[in-house]
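Quick notes on the structure that follows.
The values are calculated or read from the model by the stated rules, or taken from the named source; none is laboratory data. Note that the structure is a prediction, hence the values are computed from the model and not measured. We place every Cβ from the backbone using ideal geometry, glycine too, and count neighbours over all the protein chains shown. The protein model used for the area step is the full one, side chains on, heavy atoms only, and it has no ligands, DNA or RNA in it. Shrake-Rupley method; radii C 1.70, N 1.55, O 1.52, S 1.80 Å.
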Amino acid sequence: TQFDRASNFFKPKNCIKGIFFVTLQSRKLGQRTYRKSKKKSYPCNFFASNQYNTSMTHKILSLTVFCFCFSALGAQDIESDVFDTDTLSMDIIKSLTQETEPVTSLLTDILEDTAVFVPLQEAFLTKYLTLLQKKDTGIINIAEQEIDSMLDIADLDSMYQARLKGLCSLFHIPYNKKIKSFIEVYTVKKRQQVSVMLSLSKVYFPIFEELLKKNNMPEDIKYLSVIESALNPRAGSNKGAMGLWQFMPYTGKMCYLEVNGIVDQRLDPVKSTEAAIVYLKQLYNIYGDWALSLAAYNCGPGNVNKAIRRANGKKDYWVIYNYLPRETRGYVPAFIGALYAMTYHNEHNIIFDETEQPDLTDVVTVRHPLTLSCIANQINIPLKTLQDFNPQYKKGFIPASAQKSYTLCLPVQYVPLFAENSDAMYEQTKRQQLELTKIVYYTVKPGDTLASICRRYPGISVSEVIALNNLKNSGNTIYANQVLKIKIE
């Protein structure tokens, strides 16, 4: 018998004998080095597929155990002579089914990273493991039609279609292979990452939702940050994009974000979200369609306009799909996949990552210069926690003033302490700055430039030297033997 990913392969009634035969064959294949050559001939077509390697031996054995638990224990659909060919394998199966933990481990392994077992995982795994742990004999009396429906791969499409219907408030979601592939990326291949993002969403989604509601924007926009940064405020790309919303420096400044050596508001969850809302509003005003607006957010309005022209003026994402840059073609499907995974994570047994459980946070306004180390000392909060919640302050310093305020993100339990100790923190920071800041004098030598002088003093910019020495009146020129003041920390 030749097996592939057809639905009949996964119906216990049709394949219990066959799947065990494959397991026996796989023991021989496991001794060889798997090659992806199409010329390589194997006893079973299942192993000839380039999608599999010899690690499938373990997965097939796991599936055999699974089927055995449902059918063999009930003495249904399996004849005893199936196991006569390999007594050792039978002993392994028996030992595994007698112990809860090994079976649980095997099932968890196979269901976590194999797309075809999604129906099993979401529809039955929790129920099965609960019964097994309780040693409930009722597990062997499960109706055969229930197992068949769970294992029928064709049910995946209808299940996804039903769940996607009305899921997104931004645009209608057509169901196609591209969207299905991204759903399985997030629910199967990136399960652990989704688990971490679910925990991080407790911190960032309330911020997004409040600002989106304030600006009359659809709440589903918040899932854009999932595909942009995986909810990591420090995320960066090799092209220079940074933050939760992955702003390039130029785009960030265009949206009124401060980007310099001390503060990078692209990393600020609040300010960057406000900037993303402004930018997305501008794009929606241009296209009047959220799918096109998301595409333009990724590749720029110029590329989307070019694709629309090549598609004879049609303003439909799926019509212009083939005319978009390659990386943008998967952008909206990835958004839909992330939206699906974050909404239906329970149905796929994806739970919050307990190791990444963040604190609930609140935002306070800072109107005087402050250092993060001073805040940490005064309210007894770990410095790393402050840095994690406020990555925008690259030097650990908040350059606030009466003219320009900044925000500080704190775990909610520390907000009252911050209010009580704010005056003491401002005074301590002022003393620290006086101690750390001093003026040195540099005599200009022939051939020196402002840039070359600043390179001698790390952290000092040309603009700071110009302002400190009032060089604007002299056209920013310097001359030999001129004495310049340099503020160093």
In Å³ and rounded to a whole number, note down the convex hull volume per residue for the Cα atoms of region 339-400. 128
With a cut-off of 8 Å between alpha carbons and a minimum separation of six or more residues, what is the relative contact order of region 373-451 in percent? 34
If I stretch the segment between Lys315 and Lys213 completely, what's the gain in nm (0.36 nm per residue apart, minus their alpha carbon distance), one decimal? 34.0 nm
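How big is D for region 211-362, in µm² s⁻¹ as a whole number, if Stokes-Einstein is applied with the Kirkwood radius of its Cα pairs at 20 °C and 1.002 mPa s?
129
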What does the highest-first list of 227-233, 337-343, 186-192 look like by mean Cβ count within 10 Å? 337-343, 227-233, 186-192
Using θ = phi - 60° and the Karplus relation 6.51 cos²θ - 1.76 cosθ + 1.60, list the HN-Hα couplings for region 262-273 in order, rounded to whole Hz, with x at every Gly or Pro. 9, 10, 10, 6, 5, 8, 7, x, 6, 5, 5, 5
Mind putting together the pair-distance distribution for region 217-293? All Cα pairs, 10 Å bins, whole percent per bin, short to long. 20, 52, 25, 2
Can you tell me, using C-alpha contacts under 8 Å and at least 6 residues apart, the relative contact order of region 295-436 as a whole percent? 22
Give me the percent of accessible area attributable to carbon and sulfur for region 162-287, probe 1.4 angstrom. 52
Amide H neighbours of Phe247 at under 5 Å, excluding residues fewer than 5 places away on the same chain, with H built from the backbone geometry, are Met242
Taking placed amide H atoms and a strict 5 Å upper bound, the residues 5 or more places from Thr361 or on another chain that come that close are Val412
How large is the Kirkwood hydrodynamic radius of region 399-462, in angstrom, based on all distinct alpha carbon pairs? 15.7
